[in-house]
Each structure stands twice: as C-alpha cells, then as structure tokens.
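The values are calculated or read from the model by the stated rules, or taken from the named source; none is laboratory data. Everything quoted here is computed from the prediction, not taken from an experiment. As a convention, Cβ positions derive from the backbone with ideal geometry for all residues, glycine included, and neighbour counts pool all protein chains shown. Keep in mind that these areas ignore ligands, DNA and RNA; they rest on the heavy atoms of the full protein, side chains included. Shrake-Rupley method; radii C 1.70, N 1.55, O 1.52, S 1.80 Å.
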Amino acid sequence: MATQTKTIVLYTKKENCPDCEVAKRFLADHNIGYESKDVVENRDYMLELVQNYRSMSVPTLVVDGQAVIGFKKDEYEELLGL
C-alpha cells in the first residue's frame, strides 16, 4: 500500500500555550512530520490563520487544507488517518 503524503501545518506559539505543547507531543508521539508556524514570531502566520481558516486560536492543525482549531485528539486522529 502506497503512503500518501499529506501537507501538515501546526499554527502555534512557543510560550503560555499548554495545548500547543500537547499538540506537538501528540504529533511527535505518532512520528508525524509537520511545518510549525509560530503566530507570535511571524505575524504573517497569524494573518494566514485568520484569512484562510477564520481562526485566531492556537494550536490550529491543518492537514491538506482541513483545519482543527484547538487540540482535539479524536479529530486529530481522524484527520491524520490514525
């Protein structure tokens, strides 16, 4: 069975975001590579998040254009096919 490559982005911030840490740990525990976009370090990422996904919350996980706002284990598993 061929492995399908997904585009995975996690909008996050480094400080004062316990859910961001949980989301990062979840992805690491499942050996899932992703692009991390820190919305505090780069304001353009916050604009992307708002314009493309109508979210101002982190973490927001985006897989092939579908977004899950906040850390929701069941939704992460479904979106990632786990």
What FRET efficiency, computed as 1/(1 + (r/R0)^6) with R0 = 22 Å and r the Cβ-Cβ distance, is obtained for residue 74 and residue 54, rounded to the nearest 0.05?
-> 0.55
So, with points 7 Å from each Cα along the Cβ direction, the residue 14-residue 64 label distance in nm works out to 3.3 nm
How large is the accessible surface per residue of the chain, computed with a 1.4 Å probe and reported in Å² as a whole number?
-> 67 Å²
Answer label, with Rg and Dmax of the Cα atoms in Å calculated from the coordinates and candidates (i) 12.2, 41; (ii) 16.9, 57; (iii) 15.8, 52 | (i)
Taking Cα pairs closer than 8 Å and at least 6 residues apart, the relative contact order of the range 21-80 in percent is 21 percent
Within the accessible area of the chain, what % is carbon and sulfur when the probe is 1.4 Å and the other protein chains stay in place?
-> 45 percent
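Write down the percent of antiparallel bridges among all DSSP beta bridges whose residues are both part of the chain, to the nearest 5. Please report the intermediate quantities before stating the final value.
Numbers: 8 of 12 bridges.
Taking every DSSP beta bridge within the chain, about 65 percent pair in antiparallel fashion.
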Restricting the range 28-82 to trypsin sites (Lys or Arg not before Pro) in coil, as DSSP defines it, with at most 13 other Cβ within 10 Å | 54
